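All remarks here apply to the structure that follows.
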Amino acid sequence: METKKKRANWVPVVTGILRKGEHIMVGLRPEGKNLAGQWEFPGGKMEVGESPESALKRELQEELSIEAEIGEIRLVSSHNYGETGIILLFYEIRFWKGEPKPVHHSELRWIEPEKLRTLDIPDANRKLLDQIISFLS
């Protein structure tokens, strides 16, 4: 009897790479959350019925209290965390209203892209590091 391969559970995730001059923003994931203590780009899961751009606009409002203008999509990737697969959409953010505040993260930092190599970041981002740094240079 043929065993049916289980279909992965895919979660679409939108990510904003905020740029200010030569620096990009990263946030520290808070204790008690998945991937706690790791640095990430702000963003989150898309809700049913949302476009990627409207989902990212909402996430940046919720996480940073800013009203962002969503720029162009720069990278698309996928990664598995156990049984769950995520599809990552990276957008560049150059313009926003308001000063980003750490509503969701325990800390925010503006860093040079090359510094990402020294931070504890999620595996899904680590495997794209060269591509991320390349488009930011």
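Counted by Cβ distance under 15 Å from R19, the other residues give a net charge of -1, where Lys and Arg count +1 and Asp and Glu count -1. Rounded to whole numbers, the Karplus 3J(HN,Hα) couplings from phi for the stretch 73-80 are 6, 10, 8, 9, 8, 9, 7, 10 Hz, using 6.51 cos²θ - 1.76 cosθ + 1.60 with θ = phi - 60°, and x at Gly and Pro. Within the chain, DSSP assigns beta bridges of which about 70% are antiparallel (rounded to the nearest 5). Dipole check for the stretch 33-86: with +1 at the C-beta of Lys and Arg, -1 at the C-beta of Asp and Glu, and the Cα centre as origin, the magnitude is about 180 Debye. Highest mean first, the peptides 80-86, 61-67 sorted by other C-beta atoms within 10 Å per residue fall in the order 61-67, 80-86. Please give the helix 52-64 orientation as an angle from the longest Cα principal axis of the chain, in degrees from 0 to 90, rounded to the nearest 10. So the inclination is approximately 60 degrees.
Charge dipole (Cα centre; +1 on Lys/Arg Cβ, -1 on Asp/Glu Cβ; no other charges) of the chain amounts to roughly 320 debye.
Counted by Cβ distance under 12 Å from L119, the other residues give a net charge of 0, where Lys and Arg count +1 and Asp and Glu count -1. Between the alpha-carbon centres of the stretch 85-118 and the stretch 23-45 there is a gap of 8 Å. Of the cross-linked pairs K57/K97; K101/K127; K45/K101; K57/K115; K97/K127, those separated by over 23 Å at the C-alpha level are K101/K127; K57/K115; K97/K127. Return the inverse of the average 1/r over all pairs of distinct C-alpha atoms in the chain, which is the Kirkwood hydrodynamic radius, in Å to one decimal. Result for the chain stands at 15.5 Å.
We did not get these values from a lab; they are worked out from the coordinates using the rules stated. Computed from a predicted model, the values in this text were never measured in an experiment. Note that we place each Cβ from the backbone using ideal geometry, even for glycine, and neighbour counts take in every protein chain shown.
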